[in-house]
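Please read the structure below before turning to the comments.
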Amino acid sequence: MGNDARLILIIAATQFTGWGTMFIPFQLMVAPMEADLGWSRATMNIAFTLGLLVSGLAAVPVGRIVDRAGGRLPLAWGGLAGAALLAVWSQITWLPAFFALWLVMGLAHAFALWGAAMAVMVTQAREPVRSITTLTFITGFTGTVFLPLIAWLEAHLGWRGALLALAALQALPVPLALLCLRDARPPAKERPAPIPLGPVIRRPAFIGLALCLCAHSFIGTGLGAHLVLMLREKGLDTATAVTVVAFQGPLQVAARAVLFFLGNRVQVLRVGIFACLCLPVALGWLWLSPGEMLVLMGFVLFWAMADGLLTIVRAAAPAELLGREGYGAISGALTASTVLPRAMAPAVIAGIWQASGGYGPVMPLLLALAVVALGAFVFAAKDGRA
């Protein structure tokens, strides 16, 4: 896997640094910015959410650019734009400018982060599934490294100094992407015309895959925002709840490691069905289990397997079900379909909690969505094999 190993290391450098500097810092900068500038957390989170919406809506045009021109320039220039925007963020004093910053940052995310990187892996790696698995194994440690690093930088340099340091760090992989990635595009006269998305998005395989990813996005984002509070409502104290949640990361990495060592002996569609089977098991376990740490570890195990493996399936299944031609645009359309569920999940769950006085009604909702995800993926897999 020599050439693949080189490709993995280059893409891993862009993604590890990109997610660590352009996405993770927001949650750690909100409190010091609130204290320094007097802006409310709710208002700043609206700006962040708008950035995520822009990123999702830009996924299709960015995917078409990657299909036409390759991923080298989008990853390099998107990464450079991210570094510049982090430097601008460090100087921000005006709330409308902060909103404008995150609208542009959303575009930088669309170019520099997962979509373009996965398109490069699918089109250039000799063993795409194994390469993507290795990449997600490496990037699974992003939060483990960057959360304490950013906290340390903020404590010693202040939030503005920390953002400047992150801007410098974000710029480091740009020359690597620019010089070491190849475009892998045919000459202009041999280049196929962009595929029309209309017939693709009407295919049962696309519809099933989109429904599965929408349900998974809603569940994942909703749990990310509310899981500690859900566990506290079950009777766990905060420290124990945080400990339970913290096991998800290592278990995700373990699931990806098993998939890596299995290599080509497993098919991505079978991995997808297994991951989607884990979803309702996990959510049913969370709903019905008592508030005891050891019992709840069963939920964490199944949720980590589902979430960790579906990240790989999300990247590899479109090529398996719908073909590699136009992968960037098709993957972008799938990303765009998940924008609203991902953005709305925390607010919807909070609204249910407020209306009912607890998380009780949320549990069957999440379980139902997990069943929908499983059924939708099986539906997609059957069409893709037809």
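The values are calculated or read from the model by the stated rules, or taken from the named source; none is laboratory data. Note that the structure is predicted; figures quoted are calculated from it, not measured. Don't worry about glycine lacking a Cβ; one is built from the backbone with ideal geometry, like all the others, and counts go over all protein chains shown.
For segment 214-226, which positions are modelled with pLDDT of 95 or more and either surrounded by fewer than 24 Cβ atoms within 10 Å (Cβ to Cβ) or more than 15 Å from residue 334 (Cβ to Cβ) (or both)?
Hits for segment 214-226 are 214, 219.
What's the total number of residues in segment 228-246 that are surrounded by fewer than 14 Cβ atoms within 10 Å (Cβ to Cβ) and among the charged types (D, E, K, R)?
1
Taking segment 90-114 as the search range and keeping residues that are small (Gly, Ala, Ser) and assigned to a helix (DSSP H, G or I), which one is surrounded by the most Cβ atoms within 10 Å (Cβ to Cβ)? Working first, answer last.
From segment 90-114, those small (Gly, Ala, Ser) are 90, 97, 100, 106, 108, 110, 112; that's our starting set.
Pick out the ones that are also assigned to a helix (DSSP H, G or I) and you get 97, 100, 106, 108, 110, 112.
Working: 97: 13, 100: 15, 106: 20, 108: 26, 110: 26, 112: 31.
Out of the qualifying residues, it is 112.
Is segment 34-46 home to any residue that is within 22 Å of residue 332 (Cα to Cα), aliphatic (A, V, I, L, M), assigned by TED's automatic domain parsing to the domain that holds residue 88 and part of a helix (DSSP H, G or I)? Talk me through it step by step, then tell me what you get.
Step one: of segment 34-46, the residues within 22 Å of residue 332 (Cα to Cα) are none.
Checking segment 34-46: not a single residue is within 22 Å of residue 332 (Cα to Cα), aliphatic (A, V, I, L, M), assigned by TED's automatic domain parsing to the domain that holds residue 88 and part of a helix (DSSP H, G or I).
From the list 367, 334, 374, 296, which one is farther than 30 Å from residue 127 by Cα, in contact with a Pro (Cβ under 8 Å, 6 or more places away or on another chain) and surrounded by 16 or more Cβ atoms within 10 Å (Cβ to Cβ)?
367
Looking at (1) touching a Phe, Trp or Tyr at 6+ places or on another chain (Cβ under 8 Å); (2) at pLDDT 85 or above, can you tell me which one residue 82 breaks?
Among (1) touching a Phe, Trp or Tyr at 6+ places or on another chain (Cβ under 8 Å); (2) at pLDDT 85 or above, residue 82 violates only (1).
If you scan segment 244-267, which residues turn out to be β-branched (Val, Ile, Thr) and either out of contact with any helix residue (DSSP H, G or I) (no Cβ under 8 Å at 6 or more places or on another chain) or at pLDDT 85 or above (or both)? Please lay out each step first, then the result.
Let us first name the residues in segment 244-267 that are β-branched (Val, Ile, Thr), namely 244-245, 253, 258, 266.
Of everything in segment 244-267, those that are β-branched (Val, Ile, Thr) and either out of contact with any helix residue (DSSP H, G or I) (no Cβ under 8 Å at 6 or more places or on another chain) or at pLDDT 85 or above (or both) turn out to be 244, 258.
Answer yes or no as to whether residue 52 is under 18 Å from the mean Cα position of the chain (by Cα) and either in a helix (DSSP H, G or I) or at pLDDT below 90 (or both).
Details: under 18 Å from the mean Cα position of the chain (by Cα): yes; either in a helix (DSSP H, G or I) or at pLDDT below 90 (or both): yes.
Yes.
Working carefully through the options 84, 117, find the one that is surrounded by 18 or more Cβ atoms within 10 Å (Cβ to Cβ) and part of a helix (DSSP H, G or I).
Details: 84 fails: surrounded by 18 or more Cβ atoms within 10 Å (Cβ to Cβ).
Answer to the selection: 117.
Just give me the residues in segment 120-158 being assigned to a helix (DSSP H, G or I), of a type in the set (Phe, Trp, Tyr) and either over 21 Å from residue 23 (Cβ atoms) or in contact (Cβ under 8 Å) with a residue 24 or more places away in the chain (or both), in sequence order. Walk me through how you get there before you give the answer.
Kept after step one, since they are assigned to a helix (DSSP H, G or I), are these residues of segment 120-158: 120-124, 128-139, 142-158.
The next check asks that each one be of a type in the set (Phe, Trp, Tyr); those that pass are 137, 146, 152.
Selection gives 137, 146.
Got a sec? Which of 69, 13, 81 is without any contact (Cβ under 8 Å) to a residue 60 or more places away in the chain and among the aliphatic types (A, V, I, L, M)?
Details: 69 fails: without any contact (Cβ under 8 Å) to a residue 60 or more places away in the chain; 13 fails: without any contact (Cβ under 8 Å) to a residue 60 or more places away in the chain.
The unique qualifying residue is 81.
For segment 247-268, does any single residue satisfy the condition of being buried (at least 17 other Cβ atoms within 10 Å of the Cβ) and of a type in the set (Lys, Arg)?
Yes, segment 247-268 contains a residue that is buried (at least 17 other Cβ atoms within 10 Å of the Cβ) and of a type in the set (Lys, Arg).
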